[in-house]
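The next block holds one structure in the form of structure tokens; read it before the comments.
The values are calculated or read from the model by the stated rules, or taken from the named source; none is laboratory data. As the structure is a computational prediction, the values presented were derived from the model and not from experiment. Because the Cβ atoms are built from the backbone with ideal geometry, glycine has one as well, and the counts that use them run over all protein chains shown. With ligands, DNA and RNA removed, areas are computed over all heavy atoms of the protein, side chains included. Shrake-Rupley method; radii C 1.70, N 1.55, O 1.52, S 1.80 Å.
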Amino acid sequence: YGFLPVASLGINYGQVGSNLPPPDKVLDLLSSLKITKAKIYDTNPQILTTFANSNVELIVTVENQMLAVVMDPQQALQWVTTHIKPYFPATKITEISVGNEVFTDDDTSLIGYLVPAMVSIHGALVQLGLDKYIHVSTPNSLAILQESFPPSAGSFKSQVSATMSQYLQFLANTGSPFWINAYPYFAYKGAPNNVSLDYVLFNKNPGMVDPYTKLHYDNMLYAQVDAVVYAMFRLGYSGIEVRVSETGWPSKGDPDETGATPANAAVYNRNLLRRQMRNEGTPLRPNTKLEVYLFALFNEDMKPGPTSERNYGLFQPDGTIAYNVGLSALSTTSSTSSSSSSASIFLTSSADKVKS
């Protein structure tokens, strides 16, 4: 297997599985895929040690339950000294995610901890001389938006706007990106009769034109990203980059999870990779290539919730392919032109079979 190295593509390496391969095997897998960016949901010392002196850039996470602790600058310094400093720079830690989807967490007290925790973690990095190398941000669910359609109507929910302004000020001050977990699959699952499958899968389709900006959108992911940009505009912030911390498509789901099939998952990820190879931007920011982290590397059998939650992986935990993405000989310029293998990406299984 191998993707052409795509600078703006990463992958989420979740570990909520009972039988995942050890970190050295994961590193081999990433190398074979030519993926050089990964995100983990903790600071697993085994992973941080194993990834040392590799070419993989790593985003690590302060777990939600730690936010109340690291609000305290001394505790934050202790955390960075313990969880980051021993591994850096041998391990290319590029960012610390402070929490995950905090604005929409069931524990509403977390919102109040978020910005102080980020400020303290950043302050610790400054103190240790690491702030030039490591950003601080947090991934957000799209449920933070009150309006997302058309993109120019993008706005944040009023209940998060006060903290959101403080958060955006922090990002602006530190030059950090705004990360979103964006899943067009959810929109399709929720209204399969109203949402075009081709539009959410990046297939050829007429798309939609934003009536206010006249910008044309041929896929939902770009529309979701631009809705967040407009929501930030509304709060007075225009220079913050939006990146996609998670996006993907499940290859299996419950009977009511419309569209969760191996075929759709293959098409979504294949088309997304094709876009990433072109270094595209969104209609609103065409000259800023959109950074995207695929969800996910592995199917994670211990995740709670509907069946789809355990079936976002490109791979089964044993390292076999979960479904055939069918990527072969995709040129960097055109999906139809013939190309040399050096300009191609592959993710096909020799057995070419779908594992259910």
Could you please give the count of residues in region 9-28 that are in contact (Cβ under 8 Å) with a residue 40 or more places away in the chain, open to solvent by 20 Å² or more (accessible area, probe 1.4 Å) and assigned to a helix (DSSP H, G or I)? 1
Given the options K157, K92, name the one that is among the charged types (D, E, K, R) and more than 25 Å from L235 (Cβ to Cβ). K92
Here are some residues: T261, T282, T320. Which one is in contact (Cβ under 8 Å) with a residue 24 or more places away in the chain, open to solvent by 20 Å² or more (accessible area, probe 1.4 Å) and among the hydroxyl-bearing types (S, T, Y)? T320
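If I filter region 205-219 for residues that are within 27 Å of N299 (Cα to Cα), open to solvent by less than 30 Å² (accessible area, probe 1.4 Å) and out of contact with any Gly (no Cβ under 9 Å at 6 or more places or on another chain), do I get at least one hit? Show your work before the answer.
Residues of region 205-219 within 27 Å of N299 (Cα to Cα): 219.
Still in the list and also open to solvent by less than 30 Å² (accessible area, probe 1.4 Å): 219.
Subsequent filtering for residues that are out of contact with any Gly (no Cβ under 9 Å at 6 or more places or on another chain) retains none.
So far as region 205-219 goes, no, none of its residues is within 27 Å of N299 (Cα to Cα), open to solvent by less than 30 Å² (accessible area, probe 1.4 Å) and out of contact with any Gly (no Cβ under 9 Å at 6 or more places or on another chain).
For P86, are the conditions met, namely being outside any helix (DSSP H, G or I), touching a Gly at 6+ places or on another chain (Cβ under 7 Å) and open to solvent by 20 Å² or more (accessible area, probe 1.4 Å)?
Numbers: outside any helix (DSSP H, G or I): yes; touching a Gly at 6+ places or on another chain (Cβ under 7 Å): no; open to solvent by 20 Å² or more (accessible area, probe 1.4 Å): yes.
Against the criterion (outside any helix (DSSP H, G or I), touching a Gly at 6+ places or on another chain (Cβ under 7 Å) and open to solvent by 20 Å² or more (accessible area, probe 1.4 Å)), P86 does not qualify.
Would you pick out the residues in region 54-83 that are of a type outside the set (D, E), under 21 Å from L128 (Cα atoms) and either out of contact with any helix residue (DSSP H, G or I) (no Cβ under 9 Å at 6 or more places or on another chain) or not in a helix (DSSP H, G or I) (or both)?
The answer is L58, I59, V60, T61, V62, M71, T82.
Can you tell me how many residues in region 121-146 are open to solvent by less than 10 Å² (accessible area, probe 1.4 Å) and among the small types (G, A, S)? Walk me through it before giving the result.
In the first step, residues of region 121-146 are kept if they are open to solvent by less than 10 Å² (accessible area, probe 1.4 Å); the result is 121, 124-125, 134, 136-140, 144.
With the extra rule that they be among the small types (G, A, S), the set shrinks to 124, 137.
So the count comes out to 2.
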Looking only at region 288-306, which residues are hydrophobic (A, V, I, L, M, F, W, C) and either surrounded by fewer than 22 Cβ atoms within 10 Å (Cβ to Cβ) or assigned to a loop (DSSP other than H, G, I, E, B) (or both)? L290, F295, A296, L297, M302
Of all residues in region 32-51, how many are over 22 Å from L110 (Cα atoms), open to solvent by 30 Å² or more (accessible area, probe 1.4 Å) and assigned to a loop (DSSP other than H, G, I, E, B)? 3
